[in-house]
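Just below is one structure, and these are the notes that go with it.
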Amino acid sequence: MYKPRRLFVLTIISCLSFGLCLSAFAQTDRGTITGTVTDSSGAVIAGVKVTVTNAATGVSFETATSQAGLYTIPQVKAGTYRVTFEQTGFKKSVQEGVIVPLGETVRADASLQVGEVSQTIEITAEAPLLKPDTSELGTTINNQQIVDLPLSLTGEQRSPATFIRLVPGVVGRGSSSVSNPEAIFSTTVNGGQTLSLEIQLEGAAILGSNLPGDLRILGFPVDAVQEFKMYTNNFAAELGRTGGGVTSFTLKSGTNDIHGSVYEYFRNDVLNARGFFQPTRQVNKQNEYGFTIGGPIIKDKTFAFGYFNGFRYRAGAASALISLPTDAFRNGDFSSLRDSNGNLIQIYDPATTKPDGQGGFTRDPFPGNIIPADRISSIAKDLQAFLPQPNRPGNFLNYTASGSTGTSTDQWGFKVDHSFSSQNKVNFSLAHSFYEDKGFTAFTGPMSGGGISSDPIWVTRLSDDWFIRPNLINHGTVAYNRNNNNFLPRDALAGCPAQIGLKGVNEGSFCPTLNITSFGQYGPGGVSIVPENGWNFVDNMTWISGKHTFKFGFDIRANGDNTFSTNRDAGFFDFSYLETSFPGNASTGAGYATFLVGAADAGEAWVYGTGSIGNRSRYYALFFQDDYKVSPKLTLNLGLRYDIQKPRYEVANRFATFDPTLPNPGAGGRPGAIRFATDSQRTFADTDWRQFGPRFGLAYSLNSKTVFRGGYGIYYSAGGASLPNGHLLGFTMGYQSNNRIVSTDGGVTPAFFLDQGFPVDRFPSPPFIDPSVVNNGVPYYMAREDGHSPYLQNWNINIQRELPGRFLVDAAYVGSKGTRLISNLLPTNQLPTEALGLGNLLYANIDSPEAQAAGIPLPYPGFTGSVAQALKPFPQYSSITRPYENSGNSTYNAFQLKVTKQFSQGLALLLSYTASKILTDTESQLAVPFSTTAQDKFNRKAEKSISQNDYPHNLVLSYSYELPFGPGKKFLNQGGISGKLVGGWRFNAIQQYQSGAPLLVVVNNPLPGIGGNWLRPNLVPGAQKRSNVPASDFDPAKDLYINAAAFSIPPPFTLGNGPRWYSDLRKFAYLNEDFSIIKRTSVTERINVEFRADFINAFNRVIFGSDTGGNQFAAQSNANLSDPGTFGRVSSQTNLPRTIQFGLKINY
């Protein structure tokens, strides 16, 4: 007998063989026309012939009404249609101008009059505003909005994905190109995690093999897009694999008329304002240019559309400050290192570390706070010689970046539609993009951090529509996506380690990367080449029977990437304040002093032994949907989706994981060792065979102007062990060695000294298939349950009301509950919290008299290290990385208001307002490293707080107003030259007003084995967390944004009581206005010339801070209480100064 899972796989194969199933994304690039046909008395008429004809191409579809008088025509491409109704004994009825938006169901009812069929009644249809047939929440952005509204982008090409911010429930900000990845890290939909969106083109998923929801790999420009739709809540069972929303794009098509455009957009810094922290305007030379053309190949049968878009950008220094060592610091003189109260921050000599006789350790200070010249590392001297001198006063934030950057993108593509007959139609599209970024770097030279990135993208689709019978339609798509992420360091010095004498690393590589507390990161990184491929096979069938429209089908996806990298083969070294502090005193020590003496707190030197690594994953889904027209007023949307997400594996089984139950021969047989993949076990996470997602929705017409809607659904996302999610190489232990060592006693003993070289001899050379291969290092862990996908329960209650003037008010309560979210809450190797009671004894060596007197047992024969390391659950490892942990939860509640006005009387408008609250213990689907690490995994309640992505209020207003002047208008209605001068003017705007994101306040973490990079402070009762300076009067030259007196550093060996994120301590609100003025002048009946001026951040608002959003690192900028020199200071401008863009376009 077959097991259930085997039977299910056979069912899928059978469906593929007979072509009887429907994809999960079958109709998301199409629309539906439906309606009821009655006679003059209101009685339904069966058997009416209904013909739908595309007004631009002449391509038609036919069906007939059911016994209930209902008809439905699915798989209708977005566009304008003529709908004809014919029945013997009745006059023919023709409705012109029926507009079908992308992904929308449009009603076209008809009332036939008795008479001859040869008699025709023509009606000009008005686009319906209400949605009485579906319960989903979503917003369609049409072509006119895409073309006219200003795009607030600088340093990147105009992207159609930017417009998702117009939709209720979408928060975060920024754009979405390769050159601005922070945008995808900060955008969330209805409380979902960042990086969990689903993106589609022509009804199939745009698949990235590394990250889901990656807006950087769209591969097509704005001018090629017909329109797109953002689904945000309670969408049908044909949609899924998302942790938030679904964004669906469709490209333009050719028509029976030749049409297109030629355009150029121009920006130059002479038109712009300067950044707040910049003495002069930022260099900004930007040009975007291209053309589109579409038309018939065979009239009424075959059509083609093509495009080219080029983009060139060059800019100067960013509006920010960095820290570089002064001459005094370079020479070891730290006598000027003071805290905010003017007190000396003492540095201590790590060479003098000795037991204090009380179970702890003590050190001697450097006399005069000066490191003797003979104690400065020779390698540190050589590396700091590659750093420029500060160009501003002070010990920190003393260098204004002076580098420049440049990017270029070339995109081209085409789409061909062919109609074999009214029963069979195909289309093919191809989009190609090549992006290159010369990379911003704060300075030049071998230790600069910039590089050259490139990303060629290919996106192609082949679809077929087969109208088997008027009530039985099949739609199938084969889709392929490829993008290749490449990186090459910009000013790298080959052979740098050999030149400076650094041993234990690849001596022929580039310079190492340094991460120094209070100074940041210096160094070039390595070469990276990562081609990603994604296949999507989808097919659907729609069966219309009586009052039911059934849909059923499947969706199959195959993802893969091949990764080649030299990253960190020259070393990545951390230098903390700990090694030059007094043990246990977080107010002493300095990161740069630690660097000068060469005492690394942690270090990595990766060894690559197997060439490129090939990750693969597979996904399967079935769904069933029934849209049941119970009555003319009530429609039920009933569905069920079944998802099967197979965990990732490696093509040649070069895959390994930490296994908490496997005996470790290098640790005396203690549990916890490395398990390697085999032909019989290619991955380590379980497949969840129970991922059923029911959907229920209803739409009820209270009257002709009001509809009540609501629904509930469960949706599974692409998180967990299904994709690498940024961790492409971590699981290649034994094949590629990510050699890492850390100080095991909180900096009492450095991990190693630079002048002695990285201790590579502690690690075997790959390939090395040994369960003990990562002992004393940091293994990667894929738990069995990590293959279970995160899921969200979504619900909404919604009322739509049509108002006079073609206005629609849409008010909704929207909620969601996230479960099994990707998280960073359960550090596998955390020291038990009760061990903190041992105090300084934790730093003592396990062989010390103090440890022996305390009865601390040796965890296994041959163990060496500190007491803290010995007391960890797995003392053979310094820490354990589990990137696919799925223990997070979230709740989202929101009021969402949308007011739309379709274009009439010269005005089109979309107002979106969201008032929301997100509570969670995890923020990003890329949880490691973007979500904050739990301070204490044994106190999970302390991890729940307001979300980093919580923006209580978000108002976005977009509109387009055609001025009432010129020919055919209310004023100055005259022809000739004067008519051309005063007519054709249009004003467009996007205005956004969004609350500030919550802040994260941290302190340095001196504790061994607990917490992440930081801990949380204690709160001072009754103290105001924000400084008393109003945001409107804030002056970064003299004011502090955060009140340091509201927080305190926890006493030694204790944890702070502050929350993860502060609802009452937020960044500056985001206020922005983008305007455009367009002048269109008709040259002939078919040709017009368009000149436009776009004013981005028109009022030149300055938003202080570093609100890139979406990850913990940007959030804690200048919010580390242990760094009094920068705490509470504002040193950057998060938005761009006013930018002006001119554009010229010829439309034909």
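The values are calculated or read from the model by the stated rules, or taken from the named source; none is laboratory data. Treat the numbers as computed from the prediction; the structure is a model and nothing was measured. Cβ atoms come from the backbone with ideal geometry, glycine included; neighbour counts cover every protein chain shown.
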Filter result (out of contact with any strand residue (DSSP E or B) (no Cβ under 7 Å at 6 or more places or on another chain) and either over 17 Å from Val760 (Cα atoms) or crowded, with 23+ Cβ neighbours inside 10 Å (or both)) within region 507-527: Ser509, Cys511, Ser518, Phe519
Odd one out for Thr120, checked against (1) hydroxyl-bearing (Ser, Thr, Tyr); (2) modelled with pLDDT of 90 or more; (3) surrounded by fewer than 19 Cβ atoms within 10 Å (Cβ to Cβ): (2)
Please go through region 916-955 and give me each residue that is touching a strand residue (DSSP E or B) at 6+ places or on another chain (Cβ under 8 Å), among the aromatic types (Phe, Trp, Tyr) and assigned to a loop (DSSP other than H, G, I, E, B), ordered by number. Tyr951
If a residue must be part of a loop (DSSP other than H, G, I, E, B) and within 36 Å of the chain's Cα centre (by Cα), how many such residues does region 356-409 contain? 14
Going by what's in this entry, would Asn1004 be described as at negative phi, buried (at least 21 other Cβ atoms within 10 Å of the Cβ) and not β-branched (Val, Ile, Thr)? yes
Residue check, Glu1085 among the acidic types (Asp, Glu) and either in a loop (DSSP other than H, G, I, E, B) or without any contact (Cβ under 8 Å) to a residue 60 or more places away in the chain (or both): yes
Determine the pairs where a residue that is small (Gly, Ala, Ser), located within region 962-984, has a partner that is part of a helix (DSSP H, G or I) and at pLDDT below 90 with Cβ atoms under 6 Å apart, the partner being 6 or more residues away or on another chain. Gly966/Gly979
Taking only region 448-476 into account, find how many residues are crowded, with 23+ Cβ neighbours inside 10 Å and among the β-branched types (Val, Ile, Thr). 3
Within region 836-864, track down each residue that is buried (at least 22 other Cβ atoms within 10 Å of the Cβ) and among the small types (Gly, Ala, Ser). Ala844
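Quick grid of which residues meet (1) crowded, with 16+ Cβ neighbours inside 10 Å; (2) over 30 Å from His259 (Cα atoms); (3) not hydroxyl-bearing (Ser, Thr, Tyr):
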site	(1), (2), (3)
Lys299	no, no, yes
Gly310	yes, no, yes
Thr326	yes, yes, no
Ser335	no, yes, no
Asn343	no, yes, yes
Tyr348	yes, yes, no
Pro355	yes, yes, yes
Asn369	yes, yes, yes
Ser378	no, yes, no
Only one of (1) assigned to a loop (DSSP other than H, G, I, E, B); (2) buried (at least 23 other Cβ atoms within 10 Å of the Cβ); (3) not aromatic (Phe, Trp, Tyr) does not apply to Thr749, and that is (2)
So which residues in region 979-1016 are β-branched (Val, Ile, Thr), in contact with a Gly (Cβ under 8 Å, 6 or more places away or on another chain) and assigned to a strand (DSSP E or B), if there are any at all? Val1003
Filtering region 664-702 down to residues that are exposed (fewer than 14 other Cβ atoms within 10 Å of the Cβ) and either of a type in the set (D, E, K, R) or under 27 Å from Lys872 (Cβ atoms) (or both) yields Pro665, Gly669, Asp679, Arg690
Inspect all residues belonging to region 75-82 and state whether any of them is buried (at least 18 other Cβ atoms within 10 Å of the Cβ), over 32 Å from the mean Cα position of the chain (by Cα) and of a type in the set (Gly, Ala, Ser). no
With the requirement that a residue be β-branched (Val, Ile, Thr) and surrounded by fewer than 18 Cβ atoms within 10 Å (Cβ to Cβ), what does region 1007-1034 give you? Val1020, Val1029
Those residues of region 89-117 which are among the charged types (D, E, K, R) and at pLDDT 85 or above amount to Lys91, Lys92, Glu96, Glu104, Arg107, Asp109
Within region 956-965, is even one residue in contact with a Pro (Cβ under 8 Å, 6 or more places away or on another chain) and either of a type outside the set (Phe, Trp, Tyr) or not in a loop (DSSP other than H, G, I, E, B) (or both)? no
Which of the strands (runs of 3 or more DSSP E) contained wholly in region 612-682 include at least 3 residues that are within 30 Å of Tyr71 (Cβ to Cβ) and over 26 Å from the mean Cα position of the chain (by Cα)? 613-629, 634-650
Considering only residues of region 627-637 that are surrounded by fewer than 18 Cβ atoms within 10 Å (Cβ to Cβ) and in contact with a strand residue (DSSP E or B) (Cβ under 8 Å, 6 or more places away or on another chain), which is nearest to Asn210 (Cα to Cα)? Tyr628
